[in-house]
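The values are calculated or read from the model by the stated rules, or taken from the named source; none is laboratory data. Only a predicted model underlies this, so the values are computations on that prediction, with no experimental measurement involved. So basically every Cβ, Gly included, is an ideal-geometry build from the backbone, and we count neighbours across all protein chains shown. The accessibility values were calculated without ligands, DNA or RNA, using every heavy atom of the protein model including side chains. Shrake-Rupley method; radii C 1.70, N 1.55, O 1.52, S 1.80 Å.
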Amino acid sequence: MATNGWSSRIDSVSLANVAQWIGTQNLAASTQSPEHAITMPPQCYTDSAFYEFEKEAIFSKEWLCLGRVEQVPNVGDYFTITMVDEPLLVVRGADEQIRVMSAVCRHRAMIVTAPAAVDPETWLDSKTVPDTSGSCTQFKCPYHYWTYDLDGQLIGAPEMHRTPGFNDKDVRLPQLPVEIWNGFIFTNFDADAPPLAPRLSRLEEKFANWHLDQLVDPEPVWVRDLPWNWKVMHENSMEAYHADRLHAGLHAMLPASHVMPTVYEPGDAAVITSIRAAHIDYSVNPTYKPLRPIIEGLSQEDRWVSTFALIPPILLIGVMTDSVLYRMVIPTGPESIHIRFGLLIPQHHLRPRRYKQIRKMEAEAVRIIGAQDWAADSGVQKGLRSRFAPRSRLSWQEEVLVSMNRWLVERYTAAAERVAAGPGPSVQVVELATGR
Ligand code: FES
């Protein structure tokens with residue numbers, strides 16, 4: 001993969017500073033047994049240098065979910081997505097395989113799928129060219145018309161015949177690894193990363209009867225520029241402790257006292273937690289019951305137990321009896337994220353006459369619970385910036401947070417060792433800039 005690499009774009013002094021700072025923070029205190037563990041240092045959620053370190057430790061090493069295969073059903077279908085500042089192009093090629101490649105033109109770095117003009121209102125709103133989707137037979141960069149085929153090979157470049165030694169065949173959009181797991185498209189900036197699926201075997205077993213690869217997401221929703229750290233959002237979604245309190249009454253079908261976290265094993269690619277429902281055939285909406293037909297093939301156990309799985313750092317999946325929630329969290333800074341969320345259902349459940357009405361009821365349920373969660377996420381982020389932000393003990397109903405900490409600390413520690421082993425300037429440990 002032709003890439004500049006994260007490290008070369010990060011201030012190496014900052015990176016080494018964070019690596020040394022990690023050594024002073026007793027992160028092991030956040031990974032011990034749940035009865036004794038404490039939360040991670042607040043700076044891990046707020047500090048810009050730490051966020052740059054995470055790009056090296058996590059986002060340049062792990063499998064990153066980009067979307068669903070049903071977004072590109074036919075040859076030539078594509079979408080772009082900006083993943084932690086990296087513009088990527090996902091396309092179904094002429095051989096029907098899904099490819100992921102850089103969306104950055106090999107000429108002067110324009111985004112090859114960008115529109116040739118931006119509507120002033122859109123411009124004022126986003127200050128950047130938007131991600132796009134569509135269907136095509138080739139990608140023609142709107143700036144100077146360099147043109148690429150669906151494999152990313154340059155096939156045309158106007159007026160380059162006077163440039164000695166220039167050959168179209170030498171130019172190609174950088175390609176990234178692709179792995180499809182249960183209909184989700186993943187990529188990795190590390191071409192040598194071990195495959196994802198073998199490390200999801202425990203999750204595969206739990207989700208087997210939902211046949212996620214056969215479900216579709218008819219109406220994914222993007223929400224942009226939420227002002228909190230990516231881990232704050234995942235922690236809120238994974239721990240059950242708040243369900244009986246923040247969501248009192250609304251979450252009674254899945255009570256916190258019934259939580260059953262799965263112990264995280266080193267090497268796992270997922271953090272998993274389950275809750276036994278208050279009754280069979282539960283669902284998360286004001287009726288507590290499914291609004292759609294139960295997904296065919298679920299076992300008795302499946303109809304009693306809801307499982308939430310985080311495939312860090314991007315994807316969260318939660319299974320219900322009639323549908324499957326999923327959410328992608330894409331960091332845009334230490335304290336900002338974009339999210340995309342959707343509901344997977346069997347294709348044939350799209351047709352019932354009441355579809356729109358059901359969808360509206362589900363959206364309302366999500367809106368009410370989401371409003372509470374987002375208030376908590378925002379409040380927590382504000383608190384984490386305080387000089388008084390704690391490293392707290394945990395309730396047994398938050399045990400899954402320790403699993404998440406273990407996943408994180410494995411990676412932080414490995415990256416700190418890589419940084420320490422690499423050439424770099426001598427630096428001093430500094431306090432990260434969060435007022436602590
Ligand atoms: Fe793409 Fe010039 S930047 S053709």
### Query
Can residue 122 be described as under 30 Å from residue 410 (Cα atoms), open to solvent by 40 Å² or more (accessible area, probe 1.4 Å) and either away from the ligand (no atom under 16 Å from the Cβ) or out of contact with any Ser or Thr (no Cβ under 7 Å at 6 or more places or on another chain) (or both)?
no
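Give the residue, chosen from 190, 168, 151, that is away from the ligand (no atom under 14 Å from the Cβ), open to solvent by 20 Å² or more (accessible area, probe 1.4 Å) and closer than 21 Å to residue 138 by Cα.
151
So that you can scan it fast, the table gives a plain yes or no per residue for (1) within 20 Å of residue 383 (Cβ to Cβ); (2) modelled with pLDDT of 95 or more:
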{"site": "3", "(1), (2)": "no, no"}
{"site": "9", "(1), (2)": "no, no"}
{"site": "15", "(1), (2)": "no, no"}
{"site": "20", "(1), (2)": "no, no"}
{"site": "24", "(1), (2)": "no, no"}
{"site": "31", "(1), (2)": "no, yes"}
{"site": "39", "(1), (2)": "yes, yes"}
{"site": "43", "(1), (2)": "yes, yes"}
{"site": "46", "(1), (2)": "yes, yes"}
### Message
residue 430 - would you say it is at pLDDT 80 or above and either touching a helix residue (DSSP H, G or I) at 6+ places or on another chain (Cβ under 8 Å) or open to solvent by less than 60 Å² (accessible area, probe 1.4 Å) (or both)?
### Response
no
### Task
Please work out which one of (1) surrounded by fewer than 21 Cβ atoms within 10 Å (Cβ to Cβ); (2) at positive phi is the condition residue 223 fails and give its number.
(2)
### Message
For the structure I just gave you, tell me whether residue 185 is more than 14 Å from the ligand (Cβ to nearest atom), among the hydrophobic types (A, V, I, L, M, F, W, C), under 30 Å from residue 61 (Cβ atoms) and open to solvent by less than 60 Å² (accessible area, probe 1.4 Å).
### Response
yes
### Task
Would you mind telling me which numbered condition in (1) at pLDDT below 95; (2) in a loop (DSSP other than H, G, I, E, B); (3) of a type outside the set (Gly, Ala, Ser) residue 205 fails?
(2)
### Task
Residues being in contact (Cβ under 8 Å) with a residue 60 or more places away in the chain and not in a loop (DSSP other than H, G, I, E, B): count how many of those fall in the range 37-53.
10
### Query
Is there any pair linking a residue in the range 277-306 that is among the basic types (Lys, Arg) to one that is surrounded by 20 or more Cβ atoms within 10 Å (Cβ to Cβ), with Cβ under 6 Å and at least six apart or on different chains, and which?
289/283; 292/322; 303/321
### Query
Does the range 233-243 include one or more residues that are open to solvent by 60 Å² or more (accessible area, probe 1.4 Å), at pLDDT 90 or above and under 15 Å from residue 372 (Cα atoms)?
yes
### Query
Across the range 171-182, which residue is nearest to the ligand (Cβ to nearest atom) among those that are in a strand (DSSP E or B) and either modelled with pLDDT under 95 or not β-branched (Val, Ile, Thr) (or both)?
172
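For every residue, the table says whether it meets (1) open to solvent by less than 20 Å² (accessible area, probe 1.4 Å); (2) within 22 Å of the chain's Cα centre (by Cα); (3) hydrophobic (A, V, I, L, M, F, W, C).
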position	(1), (2), (3)
33	no, no, no
53	yes, yes, yes
61	no, yes, no
65	yes, yes, yes
72	yes, yes, yes
76	yes, no, no
82	no, yes, no
### Query
Would the range 128-138 turn up any residue that is without any contact (Cβ under 8 Å) to a residue 24 or more places away in the chain, more than 14 Å from the ligand (Cβ to nearest atom), part of a loop (DSSP other than H, G, I, E, B) and open to solvent by 40 Å² or more (accessible area, probe 1.4 Å)?
yes
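Residue 242 - would you say it is away from the ligand (no atom under 16 Å from the Cβ), in a helix (DSSP H, G or I) and under 24 Å from the mean Cα position of the chain (by Cα)?
So residue 242 does not fit the description; no.
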### Task
Return the total of residues in the range 284-320 being open to solvent by less than 10 Å² (accessible area, probe 1.4 Å), within 17 Å of residue 243 (Cβ to Cβ) and out of contact with any helix residue (DSSP H, G or I) (no Cβ under 6 Å at 6 or more places or on another chain).
3
### Task
Within the range 86-117, work out how many residues are within 16 Å of the ligand (Cβ to nearest atom) and either assigned to a loop (DSSP other than H, G, I, E, B) or open to solvent by 60 Å² or more (accessible area, probe 1.4 Å) (or both).
13
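Using the structure shown, decide if residue 163 is within 16 Å of the ligand (Cβ to nearest atom), open to solvent by less than 50 Å² (accessible area, probe 1.4 Å) and of a type in the set (Ser, Thr, Tyr).
For residue 163, the condition - within 16 Å of the ligand (Cβ to nearest atom), open to solvent by less than 50 Å² (accessible area, probe 1.4 Å) and of a type in the set (Ser, Thr, Tyr) - is not met.
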